[in-house]
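A.B. asks: Got a structure for you, written out below as structure tokens; questions coming shortly.
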Amino acid sequence: MKVWLSQHVRTLAATLAKLVRSPVASLLNIGVVGVALALPVGFYVGLANLQGFARELAAAPQLSLFLALDASGSDAKQIASRLKQHPGVRNVTYITRDQALRELVARTGLADVAGSLHHNPLPDAFVVDANDRATPTLEALRDEFRRWPKIAHVQLDSAWAMRLEAVLKLGRLAVLMLGTLLAFGLLAITFNTIRLQIMTRRDEIEVVKLMGATDPFMRRPFLYYGALLGLAGGVTAWGIVRGGVYLLSDALADLSQLYGAHLQLRPLTLEDSLSLLLFSAWLGWFGAWLSVSRHLSETNPR
């Protein structure tokens, strides 16, 4: 066990020394891997923050029921009674047309315009809080209330949030596709890098094979090189994303004031960071394994 462990330690130290001896080539390879990984990771962080902002800005989903303009007071009382007895309704708020006009004037400052009106154009309305806030349930209630008499229009106030969620779902799929394509690209980079190293050391490999070296022994330094290359690229990608989040945080402060909400960009979590580093190291290792397994089988002693 000690011999096996010492062999791996010596191989790891030799691989690190090799990376240091060729700093320009190593930095270029690490930079390419880091930038390629930073693209999907950056999009992932952006989508995660956008989804968090949507949750903070979106109020609890409500249904707004607008009565027909010819609805009488008795019609409003009848609808209110039906809503209060409905099993899917938790709370009902009645807003008269006069109250709605006063709130509109207070929010927009259009007192002169409202004073010039010959009659109030706004309808009476009910604001309904549902027991179940799931999207299918809210949509079913909206369709049901639309069929009630004297109901002119039913609006689901969180419809914009649902549209945003659909956009986020599409964005997550795009990030997954982009990450998959770039992962194949990183495998190709590692594959070609190891292939070039094998070609430059072809004679050395043949001599060592003649001396009885096994394939796992020959494969070990290349696997370490690929894993270290991928790990360094993952660290670079993490630094790029972290720096981007830091630079954008100040610009987001002004936007937070406009919306009256506390919006702050969140960097990668500890779990996401570890996943990024492990995945990048595995990509480098797997690319090296594919390359060295193929070329070692073709490099037979003459």
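Values quoted throughout were computed directly from the atomic coordinates according to the rules given, and no laboratory measurement underlies them. Just so it is clear, the model here is predicted, and its values are computed rather than measured. Glycine also receives a Cβ, built like all others from the backbone with ideal geometry; neighbour counts cover every protein chain displayed.
A.B. asks: Quote to one decimal, in nm, the extra length available between Ser81 and Trp282 on full extension: 0.36 nm per residue of separation minus the C-alpha distance between them.
C.D. replies: My answer for the length gained is 66.0 nm.
A.B. asks: What order, most packed first, do the peptides 146-156, 33-43 have when packing is the mean number of other Cβ atoms within 10 Å of each residue?
C.D. replies: Highest-to-lowest ranking by the protection proxy: 33-43, 146-156.
A.B. asks: Follow-up question, since we're still on this one. Given points 7 Å out from each Cα along the Cα-Cβ axis, report the Ser275 to Asp143 separation in nanometres with one decimal.
C.D. replies: Placing both labels 7 Å beyond Cα along the Cβ direction yields 3.5 nm.
A.B. asks: Further question: Would you mind computing, in nm to one decimal, how far apart the modelled labels at Arg266 and Ala152 are, each placed 7 Å from Cα along Cα→Cβ?
C.D. replies: Between Arg266 and Ala152, the simple spin-label model gives 4.3 nm.
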